Amino acid sequence: METANTEEVQLRHVEKDVLIPKMMRDKARERCAEKVEAFNHCCKEAGFFMVFKCREENSALKECLTLHYKDPAFFEECKQEYLREKLEYERTGIPAKNRKQKLPTSM
């Protein structure tokens, strides 16, 4: 890992306040997948009355997500991952989402 190099990198405002928090939201939703699924299921079952019937699931989901959003160690973890992806992009010119795609098997 290149943590020594990533420590020295200065983050732009958009990286610190938009891009890394977006990564945090995505990862927090993965970590809270059970709560997300419970809330989604409740909403589908309750239909129009979801505001009233799904309060408990909504509260549990918000609590789980907020726990991650406020965790400085989680921010640091996401920041390091963001910086690794950024350095890899600068090195290869290939965005992370394209690097994660599988290569065709007919090559």
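Coordinate-derived values only; no laboratory data. Here the structure is a predicted model, which means the values were calculated and not measured. Note: ideal-geometry Cβ built from the backbone for every residue, glycine included; neighbour counts use all protein chains shown.
Fully extending the segment from Ala96 to Arg12 would add 28.3 nm, taking 0.36 nm per residue of separation and subtracting the current Cα-Cα distance. The alpha carbons of the range 13-94 occupy a box of 50, 26, 21 Å along the principal axes, longest dimension given first. Taking all Cα pairs closer than 8 Å and separated by 6 or more residues, the relative contact order of the range 13-94 comes to 37 percent. For Glu88 and Cys43, the FRET efficiency from 1/(1 + (r/R0)^6), where r spans their Cβ atoms and R0 equals 30 Å, is about 0.20. Checking the cross-link filter: which aspartates and glutamates have an alpha carbon closer than 12 Å to that of Lys53, excluding same-chain neighbours under 8 positions apart? Qualifying aspartates and glutamates at Cα under 12 Å: Glu45.
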